[in-house]
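The values are calculated or read from the model by the stated rules, or taken from the named source; none is laboratory data. Here the structure is a predicted model, which means the values were calculated and not measured. Here the Cβ positions follow ideal geometry from the backbone for every residue, glycine too, while neighbour counts run over all protein chains shown. Protein only, heavy atoms only, side chains kept; ligands, DNA and RNA dropped before computing areas. Shrake-Rupley method; radii C 1.70, N 1.55, O 1.52, S 1.80 Å.
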Amino acid sequence: MKDAALELKHVHFSVNGLHILKDITGVIPKGKITTLVGPSGAGKSTLFKLCNGLQTASSGDIYIKNKRIGSYEPTELRRLVGIALQEATMLSGSVMKNIAVPLTLQGKQMEKEEAAHLLEIVGLDQGFLNRDASDLSGGQRQRLSIARTLVNRPQTLLLDEITSSLDKVSQQDIEKLIVKINQEFGTTIIWITHNLEQAMSIGDYTWVMMDGELVETGPSDLLNNPSDARVKRFVKGEIE
Amino acid sequence: MSYVTLSLTLIFVLIPLVLSKTFKLGLEKDTLIAAVRSIIQLLAVGYVLQFVFDSKQMIYIVLMVLLMIVAATHNARKKGTSIKGITWKLFVTFVCIEVLTQAILLGLRITPPEAQYIISISGMVIGNSMVLGILFLNRFTAEVETNQKQTELILSLGGTPKQAIHTQLITAIKASTIPTIESQKTIGLVQLPGMMSGQIIAGADPVQAVLFQLLILFLLLTTAVTTSIMLGYLSYPTLFNERMQFLKENLAVEES
Ligand SMILES: Nc1ncnc2c1ncn2[C@@H]1O[C@H](COP(=O)(O)OP(=O)(O)OP(=O)(O)O)[C@@H](O)[C@H]1O
Ligand SMILES: [Mg+2]
């Protein structure tokens, strides 16, 4: 498909005999925001790790620009498809050290101005730069994690529950930021969220996953009127 | 010392036995086993060494050293938490360190190429290397285990396996070598090293004994640092595949 950022064909993933992803086939449109929802344990984070190359599908294939992800250098793939991990993990050391990681990994240095600018984008004061990353709150860590993922200027951004620890106002700030990145740079966004309202308001398209299967895809307002019986129960909040 | 005097030394085995019985420490069985085993093992080693020294053949020296390396590998594998396929990596490490140290000692004529020297120094080097190997592996696997998320993060941002494991590797190398370095700072003040004491008792000139002990101490510094570094760089690639993915299942697996 021509304007696909990511194309999945019959992707299966098993670990220790556990069938975690089952026959996922679908297209993530380029330059759009696709939200990914589903109950806890559905396999959403696992799907992200396959797209970023942290794990490899047991069978089936994922394509970026019509090239199998297996044909990319792992480091190249991971810079092309950036991920903000669900846990917003920090390395021990300062905020400055953490935000500069993507550059230090390439043997480059980050200027203080650039770091300050990145923090500003995600709504953190530059006074944070010298703070210890382990002292940050959950929400601050999530902001820093997004900023850090942006450093590689990925063409596709995988965001795993990046606003789960934020209050309503900060959540909207981050939503605006992501929409802005999407519009200014044409970055394709896939956004995992538990917040169905957010999934609809932010997303152009939505994927619904359950028990390792991709059960419904389409424009995000599908969540208003799903066709699958299980998805109906999920949007009513009957399945967690 | 004769066998008669040796039998008198059994008093030193009797004392803990009696104490253990009196205070119900339950150590009798282990104490007895330990005593019997050390008598048998050391006497056996003594006779084997006598044979090797008398035969004056290189092949026996090499066999003897090889035997030590195999025993050290076996022991380190059993005691240390492990990484998949660690056995041959331990073996290679021990062989390299033995070759390196003997090459320097013999090559520069620091010690004469005689069985006494080669075997006793090899014993100390390999034994020390084994202890370091165990220390390093235990620390390294623990570091990797607790920092899996950090490893994953660095990989996800486009880092290589080496970058993703670097902090854990350096921490484990440092932590395992520090005791060797620290203990050398106080040596002679707090404790006389065992080998030196042995030499002095056997009638050697104390200054000669000290010079020889210094040689051994310096040797052990090299042994400690090289063991940890070699083992580290040999073992971390096992934790990743060619797609630069972290293989959790290769960590701390019990090899049967
Ligand atoms: N390496 C692994 N080994 C064993 N099981 C795993 C592994 N990775 C994921 N799983 C299992 O796969 C399932 C899907 O996990 P995943 O983290 O992808 O779910 P999720 O949809 O992101 O859930 P949540 O919304 O809670 O984050 C879970 O049951 C999880 O326990
Ligand atoms: Mg998840």
**Request:** Identify all residues within the stretch A:203-221 that are outside any strand (DSSP E or B) and either away from ligand 2 (no atom under 16 Å from the Cβ) or of a type in the set (Asp, Glu) (or both); write none if there are none.
**Result:** A:Gly203, A:Asp204, A:Asp211, A:Ser220, A:Asp221
**Complete:** Exception for A:Lys22 within (1) surrounded by fewer than 19 Cβ atoms within 10 Å (Cβ to Cβ); (2) away from ligand 2 (no atom under 16 Å from the Cβ); (3) closer than 20 Å to A:Glu216 by Cβ; (4) under 17 Å from the mean Cα position of the chain (by Cα) falls at (4)
**Asked** For the stretch A:157-178, does any single residue satisfy the condition of being within 16 Å of ligand 2 (Cβ to nearest atom), acidic (Asp, Glu) and within 13 Å of chain B (Cβ to nearest Cβ)?
**Response** yes
**Residues of the stretch B:4-13 satisfying the condition of being assigned to a helix (DSSP H, G or I), closer than 15 Å to B:Ser38 by Cβ and out of contact with any helix residue (DSSP H, G or I) (no Cβ under 7 Å at 6 or more places or on another chain)** = B:Leu6, B:Ser7, B:Thr9, B:Phe12
**Request:** Select from the stretch B:145-160 the residues that are open to solvent by 50 Å² or more (accessible area, probe 1.4 Å) and more than 7 Å from chain A (Cβ to nearest Cβ) and write down the one among them that is farthest from the chain's Cα centre (by Cα).
**Result:** B:Thr146
**Prompt:** Is there a residue in the stretch B:64-82 that is loosely packed, with under 11 Cβ neighbours inside 10 Å, over 30 Å from B:Asn250 (Cα atoms) and of a type outside the set (D, E, K, R)?
**Reply:** no
**Message:** Is it the case, given these coordinates, that A:Pro219 is more than 16 Å from ligand 1 (Cβ to nearest atom) and within 14 Å of chain B (Cβ to nearest Cβ)?
**Reply:** no
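With respect to A:Gly123, determine if the residue is modelled with pLDDT under 95, touching a Ser or Thr at 6+ places or on another chain (Cβ under 8 Å), open to solvent by 10 Å² or more (accessible area, probe 1.4 Å) and within 16 Å of ligand 2 (Cβ to nearest atom). Walk me through it before giving the result.
On the way: modelled with pLDDT under 95: yes; touching a Ser or Thr at 6+ places or on another chain (Cβ under 8 Å): yes; open to solvent by 10 Å² or more (accessible area, probe 1.4 Å): yes; within 16 Å of ligand 2 (Cβ to nearest atom): no.
No, not satisfied.
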**Message:** Quick test of your reading of the structure: A:Asn52 fulfils all but one of (1) within 13 Å of chain B (Cβ to nearest Cβ); (2) in contact (Cβ under 8 Å) with a residue 60 or more places away in the chain; (3) open to solvent by 10 Å² or more (accessible area, probe 1.4 Å); (4) not β-branched (Val, Ile, Thr). Name the failing condition by number.
**Reply:** (3)
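Quick check: anything in the stretch B:214-223 within 14 Å of chain A (Cβ to nearest Cβ), in contact with a Ser or Thr (Cβ under 7 Å, 6 or more places away or on another chain) and either more than 25 Å from B:Ile121 (Cα to Cα) or in a helix (DSSP H, G or I) (or both)?
Within the stretch B:214-223, the subset within 14 Å of chain A (Cβ to nearest Cβ) is none.
No, the stretch B:214-223 has no match at all.
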**Message:** When you check B:Gln208 against the structure, is it open to solvent by 70 Å² or more (accessible area, probe 1.4 Å), outside any loop (DSSP other than H, G, I, E, B) and more than 17 Å from B:Ile126 (Cβ to Cβ), yes or no?
**Reply:** yes
**Complete:** Filter the stretch B:103-122 for residues that are open to solvent by less than 60 Å² (accessible area, probe 1.4 Å), in contact with a helix residue (DSSP H, G or I) (Cβ under 6 Å, 6 or more places away or on another chain) and not β-branched (Val, Ile, Thr); the one that is farthest from B:Lys78 (Cα to Cα) is B:Ala115
**Item:** Conditions (1) under 26 Å from A:Ser14 (Cα atoms); (2) at pLDDT 95 or above: number failed by A:Asp228
**Value:** (2)
